Amino acid sequence: EAMAGRARGAVLLLLICRASGFACPGVSNPVVDTIASSSSDCFARCSEACAALDGLESAYLQTFSADAVWERVCSGPEAFLCFVEQDKAAACGKVLVAGLAGGVQLPASSTDLATRCGL
């Protein structure tokens, strides 16, 4: 019975953390929070990408330009490289799909990132 209580407590804590935007603390953008919450494993492993994605989404909404998005990506490629690293690809695939759904193609591989950003 004590173990069941701890399990219920752990589930409740997990739900509270997800509801409060725990995947990307400090980011108030609801779109980024939704993406991060749906891909919490990715953002737990790529926490530096939270702020980068926040800036990316803001740049896109100001201009609706893929060029503006890539300018942001290339100004801080390390954060986006995390999304495409082989050991994180499965966890971060939803982030790349969310970008495509929003009309923005994010880097699909480290080669893509290097090519587009001239690295």
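For the reader, a short list of remarks on this structure follows.
- Candidates in segment 42-101 are the residues that are of a type in the set (D, E) and farther than 13 Å from L113 by Cβ; of these, the one that is surrounded by the most Cβ atoms within 10 Å (Cβ to Cβ) is E57.
- Restricting attention to segment 10-41 and to residues that are at pLDDT below 75 and buried (at least 19 other Cβ atoms within 10 Å of the Cβ), the residue that is farthest from R72 (Cα to Cα) turns out to be G21.
- Positions within segment 85-111 being of a type in the set (V, I, T) and modelled with pLDDT of 85 or more, in sequence order: T111
The values are calculated or read from the model by the stated rules, or taken from the named source; none is laboratory data. Keep in mind that what you see is a predicted model, and the values were worked out from it rather than measured. In this analysis, Cβ positions are derived from the backbone assuming ideal geometry, glycine residues included, and neighbour counts consider all displayed protein chains.
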